[in-house]
1. Measuring nothing but label to label, 7 Å from Cα along Cα→Cβ, what are A:Lys180's distances to the other copies in nm, shortest first?
2. What percent does the relative contact order of chain B come to when contacts are Cα pairs within less than 8 Å and at least six residues apart?
3. What distance in nm lies between label points placed 7 Å from Cα along the C-beta direction at B:Gln138 and A:Ala173?
4. Among A:Lys149/A:Lys180; A:Lys149/A:Lys245; A:Lys45/B:Lys40; B:Lys45/B:Lys69, which pairs are too far apart, with a Cα-Cα distance over 24 Å?
5. Would you mind getting me the FRET efficiency between B:Arg258 and B:Ser46? Use the beta-carbon distance for r and R0 = 25 Å, nearest 0.05.
6. Can you list, shortest first in nanometers, how far B:Arg169 lies from the same residue in the other copies, with each label 7 Å from Cα toward Cβ?
7. Considering the dipole of chain A built from charges on the beta carbon (Lys and Arg +1, Asp and Glu -1) around the Cα centre, which of A:Gln63, A:Thr175, A:Gly227 is farthest to its positive end?
8. Filter chain B for me: DSSP H helices, axial length by Cα at least 15 angstrom, mean Kyte-Doolittle hydropathy not below 0.5. List them by residue number.
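Taken together, the values in this text are just the output of simple stated rules run on the coordinates, not laboratory data. The shown structure was predicted, so the numbers you read here are calculated from the model rather than taken from an experiment. Here the Cβ is made from the backbone with ideal geometry for all residues, glycine too, and neighbour counts use every protein chain on show.
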There are 2 protein chains.
Amino acid sequence: MSNAAAAGAQSTVQSVDRAITVLEVLADAGEAGVTDIARKLGVHKSTAFRLVAALEKRGLVEQNSERGKYRLGMGILHLAGATTASLDLVQESRPLCRALAAQTNETVNLAILSDGLALYLDQVSGSSALQSHNWVGQRIPLHATSNGKVLLSGLPDSEVARIVRRPLRAYTAETITAMKGLLAVLAAVRAEGHAVAVDEFEVGLTAVAAPVRDFHGDVIASVSVSGPTFRLDSDRLDGIVDNTKRTAASISTRLGWRASPTAKSW
Amino acid sequence: MSNAAAAGAQSTVQSVDRAITVLEVLADAGEAGVTDIARKLGVHKSTAFRLVAALEKRGLVEQNSERGKYRLGMGILHLAGATTASLDLVQESRPLCRALAAQTNETVNLAILSDGLALYLDQVSGSSALQSHNWVGQRIPLHATSNGKVLLSGLPDSEVARIVRRPLRAYTAETITAMKGLLAVLAAVRAEGHAVAVDEFEVGLTAVAAPVRDFHGDVIASVSVSGPTFRLDSDRLDGIVDNTKRTAASISTRLGWRASPTAKSW
DNA sequence: CATTAGCGTTGCGACATGAGCAACGCGGCC
DNA sequence: GGCCGCGTTGCTCATGTCGCAACGCTAATG
């Protein structure tokens, strides 16, 4: 039929494929009605409804009121928790991140590169233990964050130019918006072994990040410490940079970097 | 068959339902092979394979090696990011807090930990005319309030000792001022699942609080019911404790917390 | 070193299953 | 009141999906 929407690959199980599309539509739109979803899927209203109903029954989507729009549900969070729990990276780094958070009293994040954005995998809060917002699962731009710059620093310039989403949006007056400037900063990050972002993504937010490397030496993740700019003044910053770099190096070691390649293989 | 009440069991898209089961199996086991999954689903090996393949194509599951076991993938985290963006703590808890306020006719507060203090995020007043002042945005000590004790109960003792602001100031004659005593009370809070504070912060003010947990099971917030001590006598207190715990559990569920497998008492 | 056993993977035919249609109840909006 | 759009639900047909059996492969076993 008109299944040519996703040109190329043939779907293995049509219903499942469509159901996943429903989830992605909801992730993108925040919330949507059955009719909207059906339109975006290119299927009949009732088909979309049954898909949504199946997802809702298992808690992957929820509807706002008795008869209302749908949105992603808590079941997704169950799965997300299990996902990070099964990732070696998160498991190995968590105790070290916790220690870093305790030492600095600030929030520690672990991020990886994903589809031209930084994806936060884990977060440990500092003394202000429970932040109002949890970034895990969130994806943020690469050019405006310390984590993003570290992740980019592991790639050659040509690759950087390829994957960074353009134009480089200015989130604040401090945001780097020129590709040339970004590449210059990345060179510095490679040389220094860490990145800093002050008020670049959000005014009043400062972050420091350092690279996590796998046994090949490739940058696979980034560890950051972030907090209010007024609290991370230049006096503290040096110490935090050192701490962050040390933590990132320790995680890298755990992952087999510059160590015995005995990594727990499958 | 036309009965809508019992229709919950049916009206599902079989493939989607099975695919979700696959995800849950993987969430539970961490990783599993096609044969394992097929056994747990009670379907044929090839069926399980196709479901997994469909999920893999969209990034919801990944396989370890070229020919190996499967695990949950990064796609789940993308979805989770969108979920948390639309799942705001205050917004999710508000209707439940309102219901709690209506049932108890007392003031309901929602608080989180912030820099060694309890920060009030939301407040719903009971219908009682005697409205205490608005606490939203206020930050109050952890050791002298029911909310504070609940928030602390989610942390290990070492962490508690680290973040609580000392000395433990005595606001009233009932205030806990010894760290040892505080830790003992927190142990009780963890066991009971709720905290009570009578005249500890202010003479004549009684409050009951219960923990709100995220999908990891971590305590991220606290819900409290508070009012004049004379109105919250021991007769009413038990019922209010139950109500508060129930509300906190409901909010937790909305945030993706899976209720403990042990049977509930009520 | 040959053999076995178990894994993930694939072509195929039969049939259960999910798609589309049309109609219903309901709410908001001319 | 009448209209339009929403989410929801029987019904029927053919379509997409399942179970079977067989394959290539790896790794333990004799």
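1. 7.0
2. Working: 424 pairs, mean separation 35.3, N = 266.
Once divided by the residue count of chain B, the mean separation gives 13 percent.
3. About 3.7 nm separates the two model spin labels.
4. On the way: A:Lys149/A:Lys180 14 Å; A:Lys149/A:Lys245 14 Å; A:Lys45/B:Lys40 33 Å; B:Lys45/B:Lys69 14 Å.
The answer is A:Lys45/B:Lys40.
5. Between B:Arg258 and B:Ser46 the formula returns 0.20.
6. B:Arg169 label point versus its equivalents elsewhere: 4.3 nm.
7. My answer, from the dipole projection, is A:Gln63.
8. Values: long enough: B:14-29 (22 Å, 0.63); B:45-57 (18 Å, 0.21); B:74-86 (19 Å, 1.02); B:89-104 (22 Å, 0.06); B:179-192 (19 Å, 1.19); B:234-254 (30 Å, -0.75).
Helices meeting the criterion: B:14-29, B:74-86, B:179-192.
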